[in-house]
Amino acid sequence: MSMMDKLKGLAGKSPDKVKQGIDKASTFADEKTGGKYHDKITKGTEQVRNFVDKQGSQSQGGQEGRQNPGQQGPDQSGDQSQGGQSQGGQSRQ
């Protein structure tokens with residue numbers, strides 16, 4: 001597993017902790033450069049935070065996506081069972 005895969009997984013599981021780390025690294029870099037690259041550091045920090053937000057939402061969306069088909073399944077099977085009672089029920093008997 002590559003480092004990026006690990007980071008993506010971590011970003012999906014605990015985005016708040018990852019954002020805290022990003023902020024600490026940003027502050028550290030800004031202090032070490034004496035503010036010389038503040039704008040670039042800020043821009044990079046925003047991009048990384050947006051990436052973490054995106055990974056977190058994909059992770060949550062994936063979980064919701066798994067729940068939604070499960071929720072739709074009974075509705076669909078309910079439709080099929082109603083149809084099955086009128087059509088399938090007769091053919092089965």
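The values are calculated or read from the model by the stated rules, or taken from the named source; none is laboratory data. Nothing here was measured: the structure is a model prediction, and the numbers come from that model. Backbone-built Cβ (ideal geometry, glycine too); neighbour counts: all protein chains shown. These area figures cover heavy atoms from the full protein model, side chains too; ligands, DNA and RNA do not enter into them. Shrake-Rupley method; radii C 1.70, N 1.55, O 1.52, S 1.80 Å.
Segment 3-54: Rg/Rh from Cα coordinates, Kirkwood Rh?
Radius of gyration over Kirkwood radius for segment 3-54 works out to 1.02.
Identify, among 14, 25, 37, the residue whose Cα sits farthest towards the positive end of the charge dipole of segment 3-54, taking +1 on the Cβ of Lys and Arg and -1 on the Cβ of Asp and Glu, with the dipole about the Cα centre.
So the residue furthest toward the plus end is 14.
Lysines near residue 8 by alpha-carbon distance under 16 Å, same-chain residues fewer than 8 away left out - which ones?
Result set, ordered by chain and number: 17, 19, 54.
Counting only heavy atoms of the protein chains, get the accessible area per residue of segment 1-61 (1.4 Å probe) and round it to a whole Å² value.
Normalised by residue count, the accessible surface of segment 1-61 is 77 Å².
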